[in-house]
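S.K.: I'd like to ask some things about the structure below.
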Amino acid sequence: QGVDFSNIAELEVYQEGPARVDPIASFETAGLHPAMLNNVKLAGYETPTPIQRYCLPAIKMGYDVVAVAQTGSGKTAAYLIPILNQLMGKAKKLAATRPNPAAFREGVDQAVRAEPLVVIVCPSRELAVQVFTEARKFCYRTMLRPCVIYGGGPSSEQRAQLQKGCDVLIASPGRLIDFMDDTRLLTLRRVRYMVLDEADEMLHDDWKGDFDTIMSGGEIEEGNVRYMLFSATFPKQFRDLAKNHLAETHVRLRVGRAG
Ligand code: ADP
Ligand code: MG
C-alpha cells in the first residue's frame, strides 16, 4: 500500500499507431466489468497511472500493444486489468467451452488439460510470482483461474495445479516450453492474449530460441492472438521482435523519455 506515484503521475505518454487512443480519466469511467472495478478498488488502486490510462483503452480496442515505461509505473495492471476485463465479459461462454467443466468446478478428482486464454511470459521466477499475486487480486470472484509455473519450483506440484484448470498462465520461458512438450498437460490452442513482461530481458541471444518456440509452438492460432510487449527500455532488437510477431497496426506507448 501507499505506493508513491508523485514522480510519474504527471509524466507524458507518447503514442504511435493506427488510431488515437483516448486515455481514461479514472477506473470508474473505463467501462470496466463491475467485478473488475471492485477488484481494482480492493487492490487499493484509486487512480490509473499514466501507462494504465492509455493501455486500458488500447487493449479494449483490440490492438496489439508495445508499452515502454519505467520500473514502478504500474505496467502489470496496465495489461492485466484490460485483458482480464475483456475475458470477464465472455466468462460464461468461455466456461461452457472449458475442457471438462465439471472437473474444473469440482477441482481435484479429475485432471484436465490446461487450455489457458492468456499467457504471460516472465523472464524470472520473482517476476512470475509477483505477476501471479497481482493476477489473483484481479481474478477474485470471477470465473477466471490464474496459475503460475517457473523453473526451480517443484514440477509435480505445478503440474497438479495446471491440471485443476487454468485460464491465465503466468510462466517463465523454460518451464513453459517444458510443459508445452506434454500435450496432455498443456496446449496453447485457446490463447487469446500473449504478454511478454520485461520483454527486454528476453531479447538476449540465449533466450531467442525459447522465444520462437513459444510464439510458434503449442498450437497457437496466430490470427486469434493479441500480442503485448511490456518493458522498461526499448532496445533495438525490440523493433524486430515487434515487426516479426505483432500486428502491423499495433499501438506503441511510451512514458516519459525513451529508456
Ligand atoms: P512496473 O511493472 O511498471 O515496474 P508494477 O506493475 O510492478 O510496475 O507496479 C508497481 C507497484 O505499484 C505495485 O506495487 C503495484 O501494485 C502498484 N500499482 C500499480 N498501479 C497502481 C495504481 N493505479 N494505484 C496504486 N498502486 C498501483
Ligand atoms: Mg513490471
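No lab work stands behind these numbers, since they all come straight from the coordinates. As the structure is a prediction and not an experimental result, all values here were calculated from the model. Because the Cβ atoms are built from the backbone with ideal geometry, glycine has one as well, and the counts that use them run over all protein chains shown.
S.K.: I need the P(r) histogram for the range 220-259: all alpha carbon pairs, bin width 5 Å from 0 out to the longest distance, whole percents.
M.R.: Spelled out bin by bin, the range 220-259 gives 5, 19, 31, 23, 13, 6, 2, 0 percent.
S.K.: GNM on the chain, C-alpha springs below 10 Å: top fluctuator among Gln237, Gln15, Gln163?
M.R.: Top of the fluctuation ranking is Gln237.
S.K.: Assigning unit charges at the beta carbon (Lys, Arg +1; Asp, Glu -1) and nothing else, what dipole magnitude in debye, to the nearest 20, does the chain show about its Cα centre?
M.R.: Value, rounded to 20: 880 debye.
S.K.: So, one more: Could you please report the charge total around Leu127, scoring K, R as +1 and D, E as -1 over all other residues with beta-carbon less than 14 angstrom from its beta-carbon?
M.R.: Here the charged neighbours net out to -3.
S.K.: Grab the beta carbon distance between Asn244 and Lys93, set R0 = 41 Å, and tell me the FRET efficiency rounded to 0.05.
M.R.: Taking R0 as 41 Å, the efficiency between Asn244 and Lys93 is 0.80.
S.K.: Go ahead and set up a Gaussian network model of the chain, Cα springs under 10 Å, then flag whichever of Asn85, Asn244, Asn39 fluctuates most.
M.R.: Asn244
S.K.: Considering the alpha-carbon set of the chain alone, what are its Rg and its Dmax in angstrom?
M.R.: Answer for the chain, Rg first and Dmax second: 17.5, 52 Å.
S.K.: Using the C-alpha atoms of the range 148-229, what convex hull volume per residue, in cubic angstrom, is computed?
M.R.: 92 Å³
S.K.: Order these peptides, 62-70, 120-128, 139-147, by their mean beta-carbon neighbour count within 10 angstrom, highest first. All intermediate terms of the calculation are to be shown ahead of the outcome.
M.R.: Values: 62-70: 22.1, 120-128: 20.6, 139-147: 18.4.
Ranking the peptides 62-70, 120-128, 139-147 by packing returns 62-70, 120-128, 139-147.
S.K.: Also, quick follow-up: If you restrict to DSSP beta bridges whose two residues both lie in the chain, what percentage is antiparallel, to the nearest 5?
M.R.: Details: 4 of 29 bridges.
Close to 15 percent.
S.K.: At a threshold of 8 angstrom on Cα-Cα distance, excluding pairs fewer than six apart, so keeping six or more, what relative contact order does the range 134-214 reach in percent? The partial results should precede the final answer.
M.R.: Numbers: 63 pairs, mean separation 20.9, N = 81.
Answer for the range 134-214 is 26 percent.
S.K.: Looking at this model, which pairs from Lys60/Lys243; Lys41/Lys164; Lys75/Lys137 are more than 20 angstrom apart at the alpha-carbon? Kindly include the intermediate steps, with their values, before the conclusion.
M.R.: On the way: Lys60/Lys243 22 Å; Lys41/Lys164 28 Å; Lys75/Lys137 15 Å.
Flagged as over cut-off: Lys60/Lys243; Lys41/Lys164.
S.K.: If I model a spin label as a point 7 Å beyond the Cα along the Cα-Cβ vector, how far apart are those points for Thr183 and Gln130 in nm?
M.R.: 3.7 nm
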